[in-house]
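Reading through the structure tokens given below for one structure.
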Amino acid sequence: MTVYFLCAVLLTMGLYCLVAKKNIVKKVIGLVIMDYAVNLYLIIVGYKKGGVAPVIERGMNSSMLERFVDPLPQALVLTSIVIGLGVLALMVAMCIRIYERHGTFDMSQISKLRG
Amino acid sequence: MENIAPQLYTLLVFMVVGSIIAIETKNLLSAVISVSAVGFALSIAFLFLGAPDIAITQLVVEVLVLIILIRGTILLDNTAIEKGRDTLAMVASLIFFGMLLGFGALIFGSTGFPAFGEPLMRVSKVYVQTGLPATYAANIVASIILDFRAYDTLGEATVLFASILGALAILRRTGKAGEEVVSA
């Protein structure tokens, strides 16, 4: 259970960084940390005690199949990681454009310039 | 590997400490490097959890994340945060998120949540048993991605394509209309 709690701590720290920080690059970093926490949580839910990777090798019998860890969360997390990269590229592109327009990363100064 | 708990706890504590440094440091470049260290630790944790495909993907993606984030920070003029912290807002949000974590632990601890090391394999049992005869793929993860749940993968590829398209549209220097005006 402590493993789940540490994952939740990581998720909450990312949420705190996303909400409380004023620098937009720090907000992006908070979202990346939340992404890591969710991916790790899904993989940990699918872990089986003494489990092996779900790859069938030559000469395996059906009792070896019982030792596999859950492959379904792994399959879903695999694409989720790559989508996280795409979303990060989108957010960093927005950060670069905001910096070029306003000359700062600070949220409060950007909203002040907007009036 | 029979008991992976010590390695997993070590990596998780390392990740938490690295995240604290990434969140609280004043220099944006140090924050980017710290969050990247967290990602590499995550890759090793996936390796211990019996997910080599995820570990390799996370490693490659982490290098790209580091490159993208450094491109976003280092080429700009100031990478340090000079303003002081808003102490009241920080304390208030820390108390709020602490309460959120506490109540979340209470709720998740009291319900019938699967314990660590005992997954619910109701759906995956079928995939593991019929993966090789049905799809001829030795890697069960690959057979799920590309055969059993291929429509999910198609949808996720669409999301990835849309986000990359959005990033390119934002980063493009001149629009189509601007080019026509220049050439005319």
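The values are calculated or read from the model by the stated rules, or taken from the named source; none is laboratory data. From a predicted model like this one, the values you see are computed outputs, not experimental measurements. Note that each Cβ is placed from the backbone with ideal geometry, even for glycine, and that neighbours are counted across all protein chains shown.
For the stretch B:1-19, a tally of residues being facing chain A (nearest Cβ under 7 Å), in a helix (DSSP H, G or I) and not hydroxyl-bearing (Ser, Thr, Tyr) returns 4. You will find that of A:Val52, A:Val19, A:Val77, A:Val28, the residue that is crowded, with 18+ Cβ neighbours inside 10 Å, within 24 Å of the chain's Cα centre (by Cα) and facing chain B (nearest Cβ under 7 Å) is A:Val77 and no other.
Please go through the stretch B:111-141 and pick out each residue that is facing chain A (nearest Cβ under 8 Å), of a type outside the set (S, T, N, Q) and assigned to a helix (DSSP H, G or I). B:Tyr127, B:Val128, B:Gly131, B:Leu132, B:Ile140, B:Val141, listed by residue number. Of the candidates A:Arg97, A:Arg58, the single residue that is of a type in the set (D, E, K, R) and at the interface with another protein chain (Cβ under 7 Å from one of its Cβ atoms) is A:Arg97. Looking at A:Val92, A:Val69, can you tell me which residue is surrounded by 19 or more Cβ atoms within 10 Å (Cβ to Cβ) and modelled with pLDDT of 90 or more? Only one candidate qualifies: A:Val92. Among the criteria (1) surrounded by 17 or more Cβ atoms within 10 Å (Cβ to Cβ); (2) more than 7 Å from chain B (Cβ to nearest Cβ); (3) under 18 Å from B:Pro119 (Cβ atoms), the one A:Phe105 does not fulfil is (3).
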